[in-house]
Amino acid sequence: MSETVFYPDNYRRYFIESFENRSLRNPSYSMRAFARDLGLGTSTLSEILQGKYGLSKSKVEIVVKALQLSEKQGEHFLDLVVRDHSRSLKERDEASQRVQERIKGSMQTMTLDSFRTISEWYHLALLELLILPEFKNETGWMARKLNIPEITVHEALERMERLGMIERKGKKILPTDDFSAIGNETPSELIRKFHRQVLEKAIVALDEQTVSERESSSTIFAISKADLPKAKKKLVQFRREFATLLSKSPDKDDVYCLGIQFFSLLKKEH
């Protein structure tokens, strides 16, 4: 059986994903703070992300621990570094072979691009941002609007273009409404990751947005478990009708997220 772990083809992606996740939990988290937490100089980290600087094997162990990679991901990270920077041709070839074997064995139905697009919230937000009249085709502007790092915007746009979700026409970026490249076989861990991120964004909104800008409410009541299928169907229908109604406005000037949580509060006996 194939592993559910998805292995990148470039070790710099580990840095970018870690920085994105930390920025999500703390919007004020900076690249300088990230470099400090990794035990690297800010300029060194910048050169690594630009592909101008590699890592020694001794530094890899420190970085792997700081990035909190699993044992398997740590081995993959080391092989990627060796493949790209070892002075030994034999070591580079052997590492390259192990990298390709992992990637081939773990991604049979989805590409890494599809994996990231499904599991990271900002891809869908970027698609909606594109259709606002005030949209500016500047990664810095998009990063400020979504409160994410500029490098994240750059990576996301390239990823969505490769998947055919957006297209560039001159100075414009347009959504294509073509999501077939992502596919339908979505692992459940991706869905859970996406929902965790949305919930974290909702928690931040509680502190940073006024009551007039958001709606947060809860209702607790007893139900029959037999009614769950009917309840879920009603919620899906409402969500679609709600989004369709508000999306018809010709004067769009913001991007909102509707999240509905419906779950049991009782501890399950196993």
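Probe of 1.4 angstrom, ligands and nucleic acids ignored: what's the accessible area per residue over the chain, in square angstrom?
Counting only protein heavy atoms, the per-residue value for the chain is 66 Å².
What are the ³J(HN,Hα) values, in whole Hz, obtained from phi via the Karplus relation 6.51 cos²θ - 1.76 cosθ + 1.60 with θ = phi - 60°, for each residue of segment 225-230 in sequence order, with x given for Gly and Pro?
Coupling constants for segment 225-230: 4, 5, 8, 4, x, 5 Hz.
How much length is gained if the chain between Leu49 and Thr219 is pulled fully straight, taking 0.36 nm per residue apart and subtracting their Cα-Cα distance, in nm to one decimal?
Length gained between Leu49 and Thr219: 56.6 nm.
For the chain, what's the relative contact order in percent, using C-alpha pairs closer than 8 Å and at least 6 residues apart?
Rounded, it is 18 percent for the chain.
For P(r) over Cα pairs in 10 Å bins from 0, in percent, pick the label among [x] 7, 30, 35, 21, 7, 1; [y] 5, 22, 31, 24, 12, 4, 0; [z] 7, 30, 37, 23, 3, 0 that corresponds to the value derived from the coordinates.
Only one option fits the structure, namely [y].
Would you mind checking Lys201/Lys234; Lys136/Lys172; Lys171/Lys252; Lys230/Lys268; Lys65/Lys201 for any pair whose Cα atoms are more than 19 angstrom apart?
The answer is Lys201/Lys234; Lys171/Lys252; Lys230/Lys268; Lys65/Lys201.
Roughly what percent of Cα-Cα pairs across segment 1-92 reach past 22 Å?
Cα-Cα pairs of segment 1-92 separated by over 22 Å account for 27 percent.
What angle, in degrees between 0 and 90 and rounded to the nearest 10, separates the Cα long axis of helix 57-66 from the longest principal axis of the Cα atoms of the chain?
Once rounded, one gets 20 degrees.
As a test question: what accessible area, to the nearest 10 Å², does Leu235 have when a 1.4 Å probe is rolled over all protein chains in place?
Spelled out: Leu235, probe radius 1.4 Å, area about 60 Å².
Hey, how many Å between the Cα centroid of segment 214-270 and the Cα centroid of segment 83-152?
30
Over the chain, with every protein chain in place, what whole percent of the accessible area is carbon and sulfur at 1.4 Å, could you tell me?
The nonpolar share, carbon plus sulfur, comes to 52 percent.
Taking only Cα atoms, what is the 0 to 90° angle, nearest 10, from helix 71-85's long axis to the longest principal axis of the chain?
Here the helix axis deviates by roughly 50 degrees.
Report, to the nearest 10°, how far helix 188-208 tilts away from the longest principal axis of the Cα atoms in the chain, using its own Cα long axis and a range of 0 to 90°.
That works out to roughly 70 degrees.
Over segment 111-180, what is the relative contact order in percent, taking alpha-carbon pairs closer than 8 angstrom and at least six residues apart?
RCO, segment 111-180: 29 percent.
The values are calculated or read from the model by the stated rules, or taken from the named source; none is laboratory data. What you see is a predicted model, and the numbers here were worked out from it, not measured in a lab. Surface areas here come from the heavy atoms of the whole protein model, side chains and all, with no ligands, DNA or RNA. Shrake-Rupley method; radii C 1.70, N 1.55, O 1.52, S 1.80 Å.
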